[in-house]
Amino acid sequence: MAAFFDWFRWLYEATGINLTILYDAFDRQRMVAGFWTTVWLCLVCIALSVVIGVVGAWLQGSSLKWTRRAVQGFIALFRDTPPLVQIYFFYFGLGALLPRVPNAYGIPEPVLTNVQWAIISLSLFAGAFNIEIFRSGIEAVPRATVEAAEALGYSRLRAYVHVVLPLAFRICLPALNNNLVNLVKTTTLAYAIAVPEMLYVAKQIWSDATNVPEMMVFLLLAYVFLVGCVVWVMGRIERRLKVPGIGL
Amino acid sequence: MAAWTPDQPLLRLADVHKSFGAVEVLKGVGFDVMKGEVVCIIGPSGSGKSTILRCINALVPIDRGSILVEGQEVNDPRLDKLALRRKVGMVFQQYNLFPHKTALQNVMMAPLQVLKQDKAEVEARAHRLMAKVRLQDKEQSYPGELSGGQQQRVAIARSLAMNPELMLFDEVTAALDPETVKEVLVTIRELAEEGMTCVLVTHEMGFAREVGDHIYFTDRGVIVEHGPPKEFFARASDPRTRQFLDQIL
C-alpha cells in the first residue's frame with residue numbers, strides 16, 4: 001500500500017499532477033472523512049426524505065381540509081425555493097433564533113450543529129418532492145383495488161400500508177430514483193454552512209496544495225461513483241419488487 | 001332493538017334512496033333476504049343494481065331509508081364498518097385482486113391483516129378455499145398470470161376467507177370470456193348449494209333461473225317486479241320487464 005501511495009508522490013514530481021489525497025497521509029484522512037460525511041448525509045437524508053414522502057402523501061389524502069392545505073403549503077415552500085436558500089434560512093435564520101446551550105466546557109453552543117441543520121434542510125427539500133412523487137404513484141392505484149380492500153374490512157390506514165403503498169411504490173420508483181440521485185448531488189450544498197463533506201474538504205485541500213484541477217477531476221469521479229452506487233441499489237430494488245404478469 | 005334471530009331476514013332493505021348529484025339512482029328500494037336464500041337482481045344498465053350492492057356493505061352511504069344486516073343498521077354513523085364487512089363479502093366485476101401478492105396471499109391477507117388471525121390457521125383455510133375454487137395448483141401465481149375466470153375465483157376465495165354471512169356478487173361474469181363464465185358460475189352455484197346467502201347482480205338469466213330463489217327486476221331506481229324464478233320468467237307482466245326479457249332471452 002505504501003508503495004502505491006509513493007507512486008503518486010513520484011507522479012507529482014515527474015508530471016506535476018498533484019494528488020495529495022493519495023500520497024499525503026493528512027490530506028488522505030481528511031478526504032476519507034469527507035467521503036464518509038457525504039455518505040452519511042446521503043443515507044440519512046434519503047431515509048428521512050422517503051419517510052416524509054410516505055407520510056406527506058398519506059396526509060395529502062386526508063379528509064380534513066386543513067391537513068391537506070398544510071401539506072400543500074409545505075410542498076410549495078420546499079419545492080419552490082432554492083435548496084441553498086433553504087439551508088441558509090435554517091442555519092443562519094432559524095439557527096440564530098434558537099437558544100444556545102453550554103457544552104461540556106461551559107461554552108454556549110447552538111442546539112443544532114451545521115451537520116444536523118444540513119440533514120433537516122436537505123431532507124425537507126427532497127421530502128417535498130417525494131410527497132409529489134408518491135402522490136403520483138398513489139393516484140395511479142386503481143380506485144377499485146382500494147375499494148376491494150375496504151370491502152374486506154381494511155381501514156384507510158391499513159389499506160394504505162398493505163395495498164396502496166406497495167403498489168404506488170412500484171409505480172413511482174423511476175421518479176423516486178431521479179429524486180434520490182438529485183438529493184445525493186444536492187448534499188454538496190452543505191458546503192455553504194461548512195459541513196465537512198467531500199466538496200468542502202476538497203476546497204480545503206486545494207487551498208493548501210493549489211491542486212484545483214486534480215481535485216475537481218477527483219470530485220467529479222467520486223460523485224459518478226457515489227451516484228452509481230445509488231442507481232445500482234435502486235435498480236436492484238426495482239428488480240426485486242417486480243411482479244410477474246403486470247407492467248410494474 | 002331486539003337481538004337478531006335467524007328467523008328474521010338476514011338482510012332487509014326498506015325504502016332505500018340514493019342520489020349521485022342530481023341523479024336519483026335508487027328511489028325507494030326494499031326487499032328481504034332470508035338466511036340461505038339466493039337473490040338475483042336483474043335489470044338494464046344504469047338501473048341502480050350495482051349501487052344497491054355497494055350500499056349494502058357501506059361502500060356508498062344512502063340518503064334515506066334503512067338497510068339492516070342481521071338487524072344492524074348500515075345507515076348509522078356509528079356503524080362499525082369492520083364488523084359489517086366481516087359479515088358481508090363482496091366480489092366485483094373486475095376481480096380487483098391485489099396484483100402484488102400471489103393468489104394464496106390474496107386469500108390470506110385480510111384474515112391476517114384485518115382480523116389478526118393465527119397465520120397457520122389462516123394458511124390452512126386459504127389452502128382449503130383455493131382447492132374449493134379448484135385453483136390449488138395456482139396458489140403461487142400472481143393475478144397477472146391468471147385468466148379472468150381464475151382471478152375471479154381467487155376473488156371469491158378471498159371473500160370467503162373472512163367467513164362472511166352474506167356474499168354480494170356484482171356482475172362477476174360480465175368481464176369474462178364465454179368459456180370462463182361457466183367455471184365461475186359453477187363455483188357460485190356450489191356456494192349457494194352449501195347454504196351461503198347470496199345477492200347477485202347478474203345478466204346471466206339462465207343462471208338466475210336455475211340458482212336463484214327470488215328474482216328482482218329493477219329499472220330506473222325502483223323494483224318493478226319480482227318473484228320466484230319460475231313464475232317470474234313465465235309470467236312477468238310489466239311491459240318494462242317483458243321488453244327487457246325479450247331483448248336478453
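The values are calculated or read from the model by the stated rules, or taken from the named source; none is laboratory data. Keep in mind that what you see is a predicted model, and the values were worked out from it rather than measured. Using ideal geometry, Cβ is built from the backbone for each residue, glycine included, and neighbour counts are taken over all protein chains shown.
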- Of all residues in region A:8-28, which are surrounded by 12 or more Cβ atoms within 10 Å (Cβ to Cβ) and either assigned to a helix (DSSP H, G or I) or β-branched (Val, Ile, Thr) (or both)? A:PHE8, A:ARG9, A:LEU11, A:TYR12, A:ILE17, A:THR20, A:ILE21, A:LEU22, A:TYR23, A:ASP27, A:ARG28
- Note on the structure: Filter region B:115-146 for residues that are surrounded by fewer than 17 Cβ atoms within 10 Å (Cβ to Cβ), within 11 Å of chain A (Cβ to nearest Cβ) and within 21 Å of A:PRO244 (Cβ to Cβ); the one that is nearest to the chain's Cα centre (by Cα) is B:GLY144
- Item | region B:219-238, residues that are of a type in the set (A, V, I, L, M) and part of a helix (DSSP H, G or I) | B:ALA234
- Run down B:GLN117, B:GLN93 and say which single residue is assigned to a loop (DSSP other than H, G, I, E, B), under 30 Å from B:ILE67 (Cα atoms) and in contact with a Pro (Cβ under 6 Å, 6 or more places away or on another chain). B:GLN117
- Query: Taking strands (runs of 3 or more DSSP E) that fall entirely within region B:1-75, which contain at least 1 residues that are over 24 Å from B:PRO229 (Cβ atoms)?
  - Reply: B:11-20, B:23-33, B:64-69
- Of all residues in region B:157-206 being within 14 Å of chain A (Cβ to nearest Cβ) and at pLDDT below 90, the one that is nearest to B:PHE233 (Cα to Cα): B:ALA174
- Within region A:201-210, is there a residue that is surrounded by 22 or more Cβ atoms within 10 Å (Cβ to Cβ) and either touching a Phe, Trp or Tyr at 6+ places or on another chain (Cβ under 6 Å) or within 20 Å of A:TYR91 (Cα to Cα) (or both)? yes
- Query: Can you tell me which residue in region B:135-183 is nearest to B:GLY89 (Cα to Cα), limited to those that are of a type in the set (Asp, Glu) and part of a loop (DSSP other than H, G, I, E, B)?
  - Reply: B:GLU165
- Query: Counting residues that are aromatic (Phe, Trp, Tyr), which helices (runs of 4 or more DSSP H) fully inside region A:148-248 reach at least 2?
  - Reply: A:198-209, A:212-240
- Task: Restricting attention to region B:88-114, report how many residues are facing chain A (nearest Cβ under 10 Å) and under 21 Å from the mean Cα position of the chain (by Cα).
- Result: 16
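For (1) under 21 Å from A:TYR191 (Cβ atoms); (2) surrounded by 17 or more Cβ atoms within 10 Å (Cβ to Cβ); (3) away from chain B (no Cβ under 14 Å); (4) at pLDDT 95 or above, each residue gets a yes or a no:
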residue: A:VAL101; (1), (2), (3), (4): no, no, yes, no
residue: A:ILE119; (1), (2), (3), (4): yes, yes, yes, yes
residue: A:GLU132; (1), (2), (3), (4): no, yes, yes, yes
residue: A:ARG143; (1), (2), (3), (4): no, no, no, no
- Item | Criterion violated by A:LYS203 - all others in (1) within 28 Å of A:ILE171 (Cβ to Cβ); (2) in contact (Cβ under 8 Å) with a residue 12 or more places away in the chain; (3) not hydroxyl-bearing (Ser, Thr, Tyr) satisfied | (1)
- Message: Against the definition (of a type in the set (Val, Ile, Thr), assigned to a helix (DSSP H, G or I) and surrounded by 18 or more Cβ atoms within 10 Å (Cβ to Cβ)), how does A:VAL71 come out, yes or no?
- Response: yes
